[in-house]
Amino acid sequence: MTDEDHLKNIYRLYIYRRGARSAIIEREIGCEGIAQISQDDRYNEPHSYIALFQGSFSPLIVQLYQRLMRSMRGKQIEECADEFAGLSFFKATVMKALAYYQADHETQLAKFANKFDRLDEPSVRQKLYELAQAEPTRL
């Protein structure tokens, strides 16, 4: 499986479990709709996390995070719902990787997930939005 396949599997399971969809994520990974989840999808979930997060993070993860952050630049916060949905997916995915799959706690994405762990709170979204406006996105 490619990194894109692993990320599709994780994303589809996230949506299946009531996560918010992100058109940006779906476009970037070529995920056209959310098909029915199979036992194989559930079985392969740990393997997908290990492939993408064990040790250093996959470049695909880092690049998608950077695209989401850059996508907010120059927009009003009200126009960033899809970016916030995508970043919420990343936050949840990184937190799970940190908790269960020995992901590196010292990466910028790990720090992002810990710092912005309450993206459902308007004040936290505001801080993340301001960060996206003020800084070049780099990890």
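The values are calculated or read from the model by the stated rules, or taken from the named source; none is laboratory data. Treat the numbers as computed from the prediction; the structure is a model and nothing was measured. So basically every Cβ, Gly included, is an ideal-geometry build from the backbone, and we count neighbours across all protein chains shown.
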Quiz item: Between residues in region 51-76 that are exposed (fewer than 13 other Cβ atoms within 10 Å of the Cβ) and residues that are of a type in the set (D, E, K, R), which pairs lie under 7 Å by C-beta distance while being six or more apart or on different chains?
Solution: G55/D104; S56/D104
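A quick yes/no check of all residues on (1) among the aliphatic types (A, V, I, L, M); (2) assigned to a loop (DSSP other than H, G, I, E, B); (3) touching a helix residue (DSSP H, G or I) at 6+ places or on another chain (Cβ under 8 Å):
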{"site": "H47", "(1), (2), (3)": "no, no, yes"}
{"site": "I50", "(1), (2), (3)": "yes, no, no"}
{"site": "Y65", "(1), (2), (3)": "no, no, yes"}
{"site": "F90", "(1), (2), (3)": "no, no, yes"}
{"site": "V94", "(1), (2), (3)": "yes, no, yes"}
{"site": "A97", "(1), (2), (3)": "yes, no, yes"}
Quiz item: Residue check: is E106 among the charged types (D, E, K, R), at pLDDT 95 or above and more than 16 Å from G19 (Cβ to Cβ)?
Solution: no
Practice problem: Would you check if there is a residue in region 68-75 being within 13 Å of T93 (Cβ to Cβ), in a loop (DSSP other than H, G, I, E, B) and basic (K, R)? | Solution: no
Exercise. Might you let me know whether region 117-130 holds any residue that is over 13 Å from L7 (Cβ atoms), among the hydrophobic types (A, V, I, L, M, F, W, C), modelled with pLDDT of 90 or more and not in a loop (DSSP other than H, G, I, E, B)?
Key: yes
Self-check item: From R42, R12, residue being within 15 Å of the chain's Cα centre (by Cα) and of a type in the set (D, E, K, R)
Solution: R12
Quiz item: Could you say whether any residue in region 85-108 is in contact with a His (Cβ under 9 Å, 6 or more places away or on another chain) and not aromatic (F, W, Y)?
Solution: yes
Quiz item: If a residue has to be under 12 Å from the mean Cα position of the chain (by Cα) and over 22 Å from D117 (Cβ atoms) to count, how many in region 64-102 make the cut?
Solution: 0
Quiz prompt | Of residues in region 99-138 being in contact with a helix residue (DSSP H, G or I) (Cβ under 9 Å, 6 or more places away or on another chain) and basic (K, R), the one nearest to S58 (Cα to Cα) | solution = R138
Practice problem: Take region 46-68 and flag every residue that is polar (S, T, N, Q) and touching a Phe, Trp or Tyr at 6+ places or on another chain (Cβ under 8 Å). | Solution: Q54
Self-check item: Inter-residue pairs, beta-carbon under 6 Å, first modelled with pLDDT of 90 or more and in region 29-50, second not hydroxyl-bearing (S, T, Y), 6+ apart
Solution: N44/N9; E45/L13; S48/H6; S48/N9; S48/I10; Y49/A97
